[in-house]
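The values are calculated or read from the model by the stated rules, or taken from the named source; none is laboratory data. Keep in mind the model is a prediction, meaning the values are calculated, not measured. Cβ atoms come from the backbone with ideal geometry, glycine included; neighbour counts cover every protein chain shown. Note: accessible area is taken over every heavy atom of the protein model, side chains too, but ligands, DNA and RNA are not part of it. Shrake-Rupley method; radii C 1.70, N 1.55, O 1.52, S 1.80 Å.
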Amino acid sequence: MASQQMLKFVTVERGMPEKREADARREDFKEIYAEYADAKAKEQSSRCSQCGVPYCQTHCPLHNNIPDWLRLTAEGRLREAYEVSQATNTFPEICGRICPQDRLCEGNCVIEQSGHGTVTIGAVEKYITDTAWEEGWVLPISPPRERTESVGIIGAGPGGLAAADVLRRAGVQVTVYDRYDRAGGLLTYGIPGFKLEKDVVMRRNKQLELGGITFELNCTVGEDVSFEDMRTKHDAVIIATGVYKSREIEAPGVGAQGLVRAIDFLTASNRKSFGDAVPEFDDGTLNAEGKRVVVIGGGDTAMDCVRTSVRQGATSVKCLYRRDRANMPGSQREVQNAEEEGVVFEWLSAPKGFVGDPVTGVMVQKMRLGAPDATGRQAPEVIEGADYVEEADIVIMALGFEPEDLPALWDQPELPVTRWGTIKAAFTTGETDLDGVYAVGDIVRGASLVVWAIRDGRDCAEAILQKLDAGAQIAAE
Ligand SMILES: Cc1cc2nc3c(=O)[nH]c(=O)nc-3n(C[C@H](O)[C@H](O)[C@H](O)COP(=O)(O)OP(=O)(O)OC[C@H]3O[C@@H](n4cnc5c(N)ncnc54)[C@H](O)[C@@H]3O)c2cc1C
Ligand code: SF4
C-alpha cells in the first residue's frame, strides 16, 4: 500500500513540470490563435463595403442584420455585434458553421459578385458568438414574468428549439418532447462532428434547460404519450419532428449484409463520439475502417458520409451519382472538400444492383443527361452496354429522406398532410387546420436546412404568442 502511494506520488511529481509546460504551450497557442482569429474577423468585416443594397441580408433566411454586425466587428465592438446577431438568430454559432453560405448570404455578397471574393460572413458570425460564449455574454433565458400558458413541442431539433427559445423568453411554460436521449435533432445525431462540434450543440441545450425549458427525452409521441394527451395538456402543440424515412431503391441484391442507410451510419458515428456503446459500430456493421466504401447519392448527406468514411480510415471512398457535377443537389464547396480529402466521384453512374452477400460490389450502369423533364432538369438516361462492377465492402445509401406517416402513427387521420406526406401548415405561422396545432421545419418543408427550421420555429412562436395574448385579453375583459 505504502509503495503504491509512493509510486503515485513520484508519477505525479515527475508528470507535473511536463504537464505545466504542455498547459503553458496550449495557453500560448490559444492566445496566438485568438489573436489571429480576432484579426481575421476584423479584416474580413472591414472588407464589407456597407453597400446599401444588402443582398446578403435578403438572401439569409433569417434576414440577419449582417452589414451592422460586420461594421461593429470591424470596429472591435464585439459585444454589440453579438447582441445584433443574436436578435434574429437563435443559434448564430451553429449557422455560422453549417449554413451553405455559398447559396445564401455569401453567394449574394456584392463583393463576391464583383469578382473579389465574398466577405466570409459565416465565419465572422461564428467568431462573434463563440467569443460571446467565452466571455460569458450568453446567459440562460430569464423571462421578465412567468405566464400560465403552456406549449408542448414534439421534436428537439433546431425548429422545435428555436420555437421553445422565443416562447420561453416571453415567460410561456415550454415542454419539449423527443424520442432520442439527447436534444438537438439532426444537429446532434445527423450532422458529423467535423462540421459541427457536439459540445457546441450541447452547451445550447444546457442553456435552454437552465432557462426553464423542460425536456422530456426518450419519449416518443405516439408510443410513450399520445398526440391527444399532448393537445389536452398544452394550450398549443408544435410538431417539429423532421423527416427520417430513408428513401430506398429496388434492385437485385438489396438486403445484403453491408448495405446500410446513411442516417444509421452517421448516427452511429456521432453516438461513438459521445462515448456511447454502439455495438453495430464495434462489430463493423456501421464502421468504414479498413473498407472499400461506396456511397450512393449526390446530396449533402452523401457528402457527410464520404467525409466521415475518410475519417474512420476507409481504404478507398467512392461516390456514385446519376447526374453530373453541375447538376448535383449538394454544395459544390462540400464536393471540393471531399475531393481534397481523397474521395473519388463517379458522375453519371447509377446503381443497378448489388453483388454478393455480404456485399462485394455495386453493379453500376453509366448514364448520360437527356432532355429536360417537367422540373426543367435534364433527366439521366441509361447508356446501354456500359455497365461495370464497382468493388465495395460497405455501401451507404444516401438517397434522401421522406416524412413518416404521422396521421397513421399517431392515429390522427384528420392531421392535414400534403401528397408528399409533409404536414400542411401556413408558411408564415406554422398553423395547421387543427385547432392549436402548429408544425415547423423539415416536417413541413421536406428535407431542408437548419436555418429554415430556425426561421419557421421563430415565426411560429411569434404567431402563438399573438394568439395567447389575444386569448388573455379576451379573458381579462
Ligand atoms: C446528414 C445530414 C446533414 C445535414 N447537414 C446540414 C448542413 O450542413 N447544413 C444545414 O443547414 N442543414 C443540414 N442538414 C439538414 C438539417 O439538419 C435539417 O434541415 C434540420 O435539422 C431540420 O430541423 P427540424 O427541427 O425540422 O428536424 P430535426 O433536426 O430532424 O429534429 C427532429 C426531432 O424530432 C424528433 N422526433 C421525431 N419524431 C418524434 C416523435 N414521434 N416523438 C418525439 N420526438 C420525435 C427526432 O428525434 C428529432 O430529434 C443535414 C441533414 C442531414 C440528414
Ligand atoms: S444564418 Fe446562415 S445565411 Fe444567415 S448570415 Fe448566418 S450563415 Fe449566412
Report the net charge of residues surrounding residue 292, where surrounding means a beta-carbon distance below 15 angstrom and charges are Lys +1, Arg +1, Asp -1, Glu -1. -3
Please report the orientation-averaged projected area of the chain, defined via the convex hull of its C-alpha atoms, in nm². 30.0
When the charge dipole of the stretch 214-262 is computed with +1 on Lys and Arg Cβ and -1 on Asp and Glu Cβ about the Cα centre, the Cα farthest towards its positive end, among 227, 240, 259, belongs to 259
For a protection proxy built on the mean count of beta-carbon atoms within 10 angstrom, sort 337-345, 133-141 highest first, please. 337-345, 133-141
Under a 5 Å amide H to amide H cut-off, with H placed in plane at 1.01 Å, what residues pair with residue 345 once short-range neighbours are removed? 319
Report, to the nearest whole %, how much of the accessible area of the chain belongs to carbon and sulfur atoms, 1.4 Å probe, protein only. 52
Report the label-to-label distance for residue 473 and residue 233 in nanometres (one decimal), using points 7 Å from each Cα along the Cα→Cβ vector. 3.1
Using θ = phi - 60° and Karplus 6.51 cos²θ - 1.76 cosθ + 1.60, couplings along the stretch 143-153 (whole Hz; Gly, Pro as x): x, x, 8, 8, 9, 8, 5, 10, 10, x, 10
When ranked by the protection proxy of mean other Cβ atoms within 10 Å per residue, highest first, what sequence do the peptides 428-436, 271-279, 55-63 form? 55-63, 428-436, 271-279
Looking at the stretch 161-227, which chymotrypsin sites (Phe, Trp or Tyr not before Pro) are DSSP coil and have at most 15 other C-beta atoms within 10 Å of their C-beta? 194
Kirkwood hydrodynamic radius (C-alpha pairs) into Stokes-Einstein, the stretch 205-251, 10 °C and 1.306 mPa s, D in µm²/s: 117
Counted charge near residue 427, where neighbours are those whose Cβ lies closer than 15 Å (Asp, Glu -1; Lys, Arg +1): -2
Those aspartates and glutamates that a straight Cα-Cα span of less than 14 Å connects to residue 352, excepting residues fewer than 8 apart in one chain: 248, 250, 381, 384, 387, 390, 391
Just report the Cα centroid separation between the stretch 461-477 and the stretch 198-221, whole Å. 27
Vicinal HN-Hα couplings computed from phi for the stretch 315-328 (Karplus, 6.51 cos²θ - 1.76 cosθ + 1.60; Hz; Gly/Pro x): 7, 8, 9, 10, 10, 9, 9, 7, 9, 9, 4, 5, 10, 7
Hey, can you grab everything whose amide H is under 5 Å from the amide H of residue 215? Only 5+ residues off in sequence or another chain; H modelled, so Pro and N-termini drop out. 176
Which whole-Hz ³J(HN,Hα) couplings does the stretch 66-71 yield from phi under the Karplus relation 6.51 cos²θ - 1.76 cosθ + 1.60, θ = phi - 60°, glycine and proline marked x? 4, x, 5, 6, 5, 4
Less than 28 Å apart at the alpha-carbon level, and either on another chain or at least 8 residues along: which lysines does that give for residue 206? 30, 126, 195, 198, 233, 272
Percent relative contact order of the chain, based on C-alpha pairs within less than 8 angstrom and at least six residues apart? 14
Counting only residues 5 or more places away or on other chains, whose amide H sits under 5 Å from the amide H of residue 354 once H atoms are built in the peptide plane? 253, 254, 363
Rounded, prolate or oblate: which one fits the stretch 315-395, using the alpha carbon gyration tensor with axes a ≥ b ≥ c (rounded when a/c is under 1.5, else prolate when a/b beats b/c, else oblate)? oblate
